[in-house]
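Every number in this text was worked out from the coordinates using simple rules, so none of it is lab data. All values derive from a computational prediction rather than experimental measurement. So basically every Cβ, Gly included, is an ideal-geometry build from the backbone, and we count neighbours across all protein chains shown.
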Amino acid sequence: KNLELIGVGFKASSQGNILDLSLGYSHNIIFEVPKELKVVTSQEKGQNPMISLEGIDHQLLGQVAAKIRGLRKPEPYKGKGVRYVGEFVRKKAGKAAGK
């Protein structure tokens, strides 16, 4: 499963099975990935940070990916957050400036 982080200042780094996420909160989130799964983070210049999860147990893979996505779900106004690659997020109109 591949996840991408969309938002200014959103970062991800991994050391072994420890995932260090910077998702716009006042603190970094340390997420421990089960040892059955392999996690790889990548960040190309001008691209969104990516998290790749690989493993044999499909159910565990989906569960861990959903937990990571749940840390900062894509919001419907700007689309910022953690989302699956290829996931479509419907955008809402902002409030109309009234008179």
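Here is how the numbers come out for the structure above:
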{"item": "Among residues of the stretch 1-19, those that are over 13 Å from residue 74 (Cα atoms), in contact (Cβ under 8 Å) with a residue 40 or more places away in the chain and assigned to a strand (DSSP E or B), counted", "result": "2"}
{"item": "Filter result (part of a helix (DSSP H, G or I) and within 12 Å of residue 34 (Cβ to Cβ)) within the stretch 55-64", "result": "59, 60, 61, 63, 64"}
{"item": "Those residues of the stretch 65-99 which are within 28 Å of residue 37 (Cα to Cα), in a loop (DSSP other than H, G, I, E, B) and aromatic (Phe, Trp, Tyr), in sequence order", "result": "88"}
{"item": "Residue within the stretch 38-55 that is out of contact with any strand residue (DSSP E or B) (no Cβ under 9 Å at 6 or more places or on another chain), closer than 17 Å to residue 1 by Cβ and without any contact (Cβ under 8 Å) to a residue 24 or more places away in the chain present", "result": "no"}
{"item": "The stretch 20-41, residues that are loosely packed, with under 13 Cβ neighbours inside 10 Å and not in a loop (DSSP other than H, G, I, E, B)", "result": "30, 32, 40"}
{"item": "Selection count where residues are under 17 Å from residue 10 (Cα atoms) and in contact with a strand residue (DSSP E or B) (Cβ under 8 Å, 6 or more places away or on another chain), scope the stretch 72-89", "result": "11"}
